[in-house]
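Chemist: Before I ask anything, here is the structure I am working with.
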Amino acid sequence: MDFDDWRKPADAAQSAVKLLKQEIVDINNWKDMQEAEEYLYQNPIKLMLAYFYQNVPYLYVLDPIPGFATRRYNYVAIGCGATVGEYILSHANLKNMDLQQALIAAIYTVEEVKKVDLFCGGPTRAAVISATKVLMSETETTPLIGAAVETLAAYESDLKSQWGSMIDDIIKKTGEHFKNRKK
């Protein structure tokens, strides 16, 4: 397929999912696509598709049911812990981050998800790509990830302390606001 349009990679992914559904029907000797969709509903998979077209980044998530690619902006999390990951990332100012900051934010997010979701685990992996090349492959990021995980662990008590101080400030200001409203 010739990718001469920004949407064509997403369309190709949709076609691949359609073929996957048909393959599931054929392998299992099912009579119709409904059985394949029931199977996929009970055994969900997602595909994340990220690419550049004319130096513009595109990000899609494709669910096999209903089977079309949905465009996302800035970030997306899929798989186990996706909800927690999206929550953590929603607090970050990703648009203003440079590549190093974004990579550390991604590592932090994955590490935090692994702490609260028992189904998530294993080594954190990452790569950094640009419109023209791979800036840091997974092999190159592995030592960086290890160092970042160690550094994040060293800052854990500071992060908790800052969070606690912030909550104390919110409690104080909420009380003041409440008092002023009563007047």
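The values are calculated or read from the model by the stated rules, or taken from the named source; none is laboratory data. Remember, it's a predicted structure, so these values are computed and weren't measured experimentally. With ideal geometry, Cβ positions are generated from the backbone for all residues, glycine too; neighbour counts draw on all protein chains shown.
Chemist: Just for strands (runs of 3 or more DSSP E) wholly inside the range 1-72: which have at least 1 residues that are in contact (Cβ under 8 Å) with a residue 12 or more places away in the chain and of a type in the set (Val, Ile, Thr)?
Modeler: 56-62
Chemist: Find the residue count for the range 145-179, including only residues that are surrounded by fewer than 10 Cβ atoms within 10 Å (Cβ to Cβ) and either aliphatic (A, V, I, L, M) or not in a helix (DSSP H, G or I) (or both).
Modeler: 1
Chemist: Ala92: of a type in the set (Gly, Ala, Ser), surrounded by 12 or more Cβ atoms within 10 Å (Cβ to Cβ) and outside the structural domain of Leu144 (by TED's automatic domain parsing), yes or no?
Modeler: On the way: of a type in the set (Gly, Ala, Ser): yes; surrounded by 12 or more Cβ atoms within 10 Å (Cβ to Cβ): yes; outside the structural domain of Leu144 (by TED's automatic domain parsing): no.
No.
Chemist: Next up: Could you tell me whether Gly79 is within 23 Å of Cys120 (Cβ to Cβ) and in contact (Cβ under 8 Å) with a residue 24 or more places away in the chain? Before you say what the answer is, go through the steps one by one.
Modeler: Numbers: within 23 Å of Cys120 (Cβ to Cβ): yes; in contact (Cβ under 8 Å) with a residue 24 or more places away in the chain: yes.
When the stated conditions are applied, Gly79 passes them.
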